[in-house]
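Where a number appears in this text, it was derived from the coordinates with a stated rule and is not lab data. What you are looking at is a predicted structure, and each value in this text was computed from that prediction instead of being measured. With ideal geometry, Cβ positions are generated from the backbone for all residues, glycine too; neighbour counts draw on all protein chains shown.
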Amino acid sequence: MFVTKLKIPSIVATLATTQIFSGAIQIIFKGSIYHLPPSFTYLGFNAKILIFIPLSVLIMLVITIISLIFMKYSRFSKKLYAIGNNPNGARLAGINVDATIIITYIIAVALFGIAATIIATLSQRVTTTMGTGLEMTFIAAVVLGGTSTSGGTGKILGSIIATIILSIISPAINYMGINPDWSDAIMGSIILASVIISAFKFIKK
C-alpha cells in the first residue's frame, strides 16, 4: 500500500517496514526462542530424500518448477513484465497496476515465509536477529541473475544459478584462508558490477 498508494519507492518502503518489524519482534520476544520441539526442527535436521538429500532442497525444486511455469505461461507474469517496462503504458493498456503490484508482494511474502521457516528449522533456537544481513545476498543473487534494477527484465533460473554461485563464495574464502570479512566486500563488488553491466545493456538498447 505504501508503494502503490503513497508512491514511496519500493526499496525505501521495504527497508523501512523491515526495521519496524525487526524492532517489534525484539520488543515482543525479548531475545530468542529456545528449546524448539523436534517436530519443528525435523525439517532442518532429519528430513531427507534418498537418505542424504535434504527435504528443503526438494521444496526449493518444487517451488522453482512452479515459478518457472507460472512466469512462462501465466497472464499475470506478462502483466509484471509490462509494469516493469513501463507502468504508465501498462496502465493505459488496461492493466490494474496497483492490484498487480499488491498481489506480487503478497506472493513474495508467502515465499519469504517458507524460506524463513526453513532457516528457522536449521537451529535449536530462533533469535530476533536471525536473517539480519541477508538482504544484500538476496539483492546480489537477483541482480547477478540478470534481473534489471530498472524493471522489466529478469528470469527465475538466472536468480537460482546466481544464488548457487553466491553460496559458494563464503566457503571458498574460508577454504583459501582469506579473512571472512572480505565476503561482504566481494558481495558488494558483485552487486556493483552486475548493476553496471545491466546499465550498459540498457544504454545500448
Next on the checklist: Once each part is reduced to its C-alpha centroid, what is the distance from segment 1-54 to segment 136-189 in angstrom?
Outcome noted: 20
Checklist entry - With a ≥ b ≥ c the root eigenvalues of the C-alpha gyration tensor of segment 1-96, is it rounded (a/c under 1.5), prolate (a/b larger than b/c) or oblate? => result oblate
Checklist entry - Can you name the helices of the chain, as whole DSSP H runs, whose Cα span along the helix axis is 20 Å or more and whose Kyte-Doolittle mean is not below -1.0? => result 10-29, 55-73, 97-120, 156-175, 182-204
Next on the checklist: If each DSSP helix of 4+ residues adds -39,500 (n - 2.57) and the sum is divided by the residues in the chain, what number results at 222 nm, nearest 500 deg cm²/dmol?
Outcome noted: -23000 deg cm²/dmol
Checklist entry - Which far-off residues, 5 or more places away or on another chain, put their amide H under 5 Å from the one on Thr147, with H placed in the peptide plane? => result Lys155
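Under the definition of Cα pairs under 8 Å and six or more residues apart, what whole-number percent is the relative contact order of the chain? Intermediate results must be reported in sequence, preceding the final value.
Details: 163 pairs, mean separation 45.2, N = 205.
Once divided by the residue count of the chain, the mean separation gives 22 percent.
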Checklist entry - Listed here are the pairs Lys5/Lys79; Lys5/Lys30; Lys79/Lys155; which of them are more than 22 Å apart at the Cα? => result Lys5/Lys30
Checklist entry - Which listed residue (Gly44, Ile197, Leu134) has the Cα farthest towards the positive end of the charge dipole for the chain, taking +1 on Lys and Arg C-beta and -1 on Asp and Glu C-beta about the Cα centre? => result Ile197
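With a cap of 16 neighbouring Cβ atoms within 10 Å, and only residues DSSP puts in a loop, list the chymotrypsin sites (Phe, Trp or Tyr not before Pro) found in segment 18-113.
Sparse-neighbourhood loop chymotrypsin sites (Phe, Trp or Tyr not before Pro): Tyr34, Phe52.
Quick one: grab the alpha carbon gyration tensor of segment 109-185, order the square roots of its eigenvalues as a ≥ b ≥ c, and give me rounded if a/c is under 1.5, else prolate or oblate depending on whether a/b is larger than b/c. Can you show the working numbers first?
Numbers: a/c = 2.04, a/b = 1.11, b/c = 1.85.
Oblate, since a/c reaches 1.5 and b/c is not below a/b.
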